[in-house]
Amino acid sequence: MTLRSFVLAAASALALSACAANPADVATTVPPSASAGPFLSAEAGVVTPSPLPADWWRMYDDPVLDGLVADAATANTDVRQAVARIARARAALRGARADRLPQGGLSASAGYGRTPEGQTLPGEDRSGAAFSVGSNIAYEVDLFGRVSGSVAAARGDLAAAQADADAVRVMAIADTTEAYAAAASAAARIATARSIVGLLDDSLRLTRKRHDAGLTDGLAVARIEALREQRAATIPAIEAERNAALFALATLTGRTPSQLPGIAGERSLPLEITAPLPVGDGAQLLARRPDVRAAQQRLLADTARIGVARADLYPRITLGGSVGSTASSLGNLFSGGPLGFLLGPLVDWAFVNREPVRARIDAAGADAQGSLAAFDGTILTALRETETALSDYARAIEQRRALTAAQNAAERAARITRAQNREGVVDSLQTLDAERTLAEAQAALADQDTLVSQRQIALFRALGGGWSPSAVVAAR
């Protein structure tokens, strides 16, 4: 092969390998049709197309929650693991970049030995000391993109690890907010249950007075007493739910249950944003969701690895040199006589059996195809989760409106029935039915308030509600 033909062949191989190793050539963008326009389940009056703020939890206007979120963003154990994975990926990128630099080393040895008689001239000493020292340096000429592809793959791995850490922070913040909301909602439900028990106590006292006066029978007293005990029995279960939420809140913020500050459990009103929620649109969703970004970066990294594998089809050229000295005494080691050096290129090319290399290329291509499918699946999942969360939230708001109207009607009916019972217009059984209806309406509305709070946070979670370092620092 002439020099000219070799250069042409090398240039062709360089062009092919560069195309294979360049992640920018891979279609990793979202098709416009996949995210264009508003969400299908976005209902006016419930949500707005305004962009979702990064520090979405601040919309609850609760300083205690702000502080807990700041703790979760830094002290949460899952977050700390994700940060450690970032450090590992950054170290791998440094190692890949180091291959762009010359590699060198030093060596030295000393020994004492004896040569065989047949290998020694007559009269020469067969025993003696030997000393050597040397240095070498080598630089790989990255003609076919092996080193640059490795760097691109490591860069993609780092970006994916950073996106994964963002996803973990998003989950930690959403879980923290949900646990705080669950504790607050449980406290509100406990207060509602105790209020219901108090009203039933009043009704029980009145019914007993009417029984003592001979105006009603013992059956009415027994029934309202049973209803009162049934409602009182729900309180311990709700208290257990509240304690579980507080214990979860402690774990999420990197604390033991005993270390959770008391202020974290003082809220007794449901956590809710009464104004329509800003949700943006599909394009903003996919740009914001860290799992989409992580899947995209993994696809870029796996695509770059195709180029790394393909580079093995072509020669690996290394420019290197070495200098060294060997002598029988330390005094002669650094004299000019035994000093030697070597300069030149080294070509390493396995071309007889190409099947292992092509197998690695096919494996890398299969990994890239799998990452492409994962990227597409992540996009579809993000859109599905958001549409589902929007629909669930809208239905929860609609259901609460109906339950609020039912409670108001039940309260009016119970008030009228009590007055009629005092005047003897209705009997105790009718009063009992009115009280039972009111208690059920109040409990159902309290449970629905909890559900609305959960659906709201689930929507922020599906939207990929982010976090900003400045917001976390400001909350401390």
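Could we say that residue 94 is free of Cβ contacts under 8 Å to residues at least 12 places away in the same chain and either closer than 30 Å to residue 270 by Cβ or under 30 Å from the mean Cα position of the chain (by Cα) (or both) here?
Details: free of Cβ contacts under 8 Å to residues at least 12 places away in the same chain: yes; either closer than 30 Å to residue 270 by Cβ or under 30 Å from the mean Cα position of the chain (by Cα) (or both): yes.
Against the criterion (free of Cβ contacts under 8 Å to residues at least 12 places away in the same chain and either closer than 30 Å to residue 270 by Cβ or under 30 Å from the mean Cα position of the chain (by Cα) (or both)), residue 94 qualifies.
Please verify whether the range 117-129 includes one or more residues that are of a type in the set (A, V, I, L, M, F, W, C) and within 29 Å of residue 342 (Cβ to Cβ).
Yes; the residues of the range 117-129 include at least one that is of a type in the set (A, V, I, L, M, F, W, C) and within 29 Å of residue 342 (Cβ to Cβ).
Against the condition assigned to a helix (DSSP H, G or I), within 30 Å of residue 343 (Cα to Cα), out of contact with any Asp or Glu (no Cβ under 9 Å at 6 or more places or on another chain) and small (Gly, Ala, Ser), how does residue 105 come out, does it pass?
Values: assigned to a helix (DSSP H, G or I): no; within 30 Å of residue 343 (Cα to Cα): yes; out of contact with any Asp or Glu (no Cβ under 9 Å at 6 or more places or on another chain): yes; small (Gly, Ala, Ser): yes.
So residue 105 does not fit the description; no.
Table: residues versus (1) at pLDDT 85 or above; (2) of a type in the set (Lys, Arg); (3) farther than 27 Å from residue 142 by Cβ; (4) buried (at least 17 other Cβ atoms within 10 Å of the Cβ).
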| residue | (1), (2), (3), (4) |
| --- | --- |
| 69 | yes, no, yes, yes |
| 74 | yes, no, yes, yes |
| 80 | yes, yes, yes, no |
| 84 | yes, no, yes, no |
| 90 | yes, yes, no, no |
| 108 | no, no, yes, no |
| 116 | no, no, yes, no |
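When you check residue 265 against the structure, is it in contact with a Ser or Thr (Cβ under 8 Å, 6 or more places away or on another chain) and in contact (Cβ under 8 Å) with a residue 12 or more places away in the chain, yes or no?
So residue 265 does not fit the description; no.
List the number of the failed condition for residue 205; all other conditions in (1) farther than 19 Å from residue 457 by Cβ; (2) within 41 Å of the chain's Cα centre (by Cα); (3) in a helix (DSSP H, G or I) hold.
It fails just one condition, (2).
Could you figure out which of (1) of a type in the set (Asp, Glu); (2) modelled with pLDDT of 90 or more; (3) surrounded by fewer than 20 Cβ atoms within 10 Å (Cβ to Cβ) isn't true of residue 433?
Going through (1) of a type in the set (Asp, Glu); (2) modelled with pLDDT of 90 or more; (3) surrounded by fewer than 20 Cβ atoms within 10 Å (Cβ to Cβ) one by one, residue 433 breaks only (2).
On the basis of being assigned to a helix (DSSP H, G or I), closer than 27 Å to residue 283 by Cα and modelled with pLDDT under 95, does residue 380 make the cut? Steps first, answer last, please.
On the way: assigned to a helix (DSSP H, G or I): yes; closer than 27 Å to residue 283 by Cα: yes; modelled with pLDDT under 95: yes.
It is true that residue 380 is assigned to a helix (DSSP H, G or I), closer than 27 Å to residue 283 by Cα and modelled with pLDDT under 95.
Tell me which helices (runs of 4 or more DSSP H) are completely within the range 245-347 and hold 2 or more residues being surrounded by 14 or more Cβ atoms within 10 Å (Cβ to Cβ) and at pLDDT 90 or above, or say none if there are none.
Output list reads 282-288, 290-310.
Pick from 177, 192, 234: which is under 52 Å from the mean Cα position of the chain (by Cα), touching a residue at least 60 places away in the same chain (Cβ under 8 Å) and under 30 Å from residue 79 (Cβ atoms)?
The conditions single out 177.
If we scan the range 158-165, do we find a residue that is assigned to a helix (DSSP H, G or I), within 30 Å of residue 87 (Cα to Cα), touching a helix residue (DSSP H, G or I) at 6+ places or on another chain (Cβ under 8 Å) and not aliphatic (A, V, I, L, M)? Show your work before the answer.
Pass one, the range 158-165, residues assigned to a helix (DSSP H, G or I): 158-165.
Then drop every residue that is not within 30 Å of residue 87 (Cα to Cα), which leaves 158-165.
Then keep just the ones that are touching a helix residue (DSSP H, G or I) at 6+ places or on another chain (Cβ under 8 Å); that gives 158-165.
Right, trim to not aliphatic (A, V, I, L, M) and you get 162, 164.
Within the range 158-165, one or more residues are assigned to a helix (DSSP H, G or I), within 30 Å of residue 87 (Cα to Cα), touching a helix residue (DSSP H, G or I) at 6+ places or on another chain (Cβ under 8 Å) and not aliphatic (A, V, I, L, M).
For the range 387-424, give me each residue that is under 30 Å from residue 215 (Cβ atoms), among the charged types (D, E, K, R) and assigned to a helix (DSSP H, G or I).
Answer for the range 387-424, where residues must be under 30 Å from residue 215 (Cβ atoms), among the charged types (D, E, K, R) and assigned to a helix (DSSP H, G or I): 411, 412, 415, 418, 422.
Out of curiosity, is residue 48 surrounded by 14 or more Cβ atoms within 10 Å (Cβ to Cβ), farther than 26 Å from residue 179 by Cβ and either under 21 Å from the mean Cα position of the chain (by Cα) or at pLDDT below 95 (or both)?
yes
Within the bounds of the range 217-236, is there any residue that is of a type outside the set (Phe, Trp, Tyr), surrounded by fewer than 20 Cβ atoms within 10 Å (Cβ to Cβ) and under 30 Å from residue 63 (Cα atoms)?
So far as the range 217-236 goes, yes, one or more of its residues are of a type outside the set (Phe, Trp, Tyr), surrounded by fewer than 20 Cβ atoms within 10 Å (Cβ to Cβ) and under 30 Å from residue 63 (Cα atoms).
The values are calculated or read from the model by the stated rules, or taken from the named source; none is laboratory data. Small disclaimer: the values here were computed from a predicted structure and weren't measured. Note: ideal-geometry Cβ built from the backbone for every residue, glycine included; neighbour counts use all protein chains shown.
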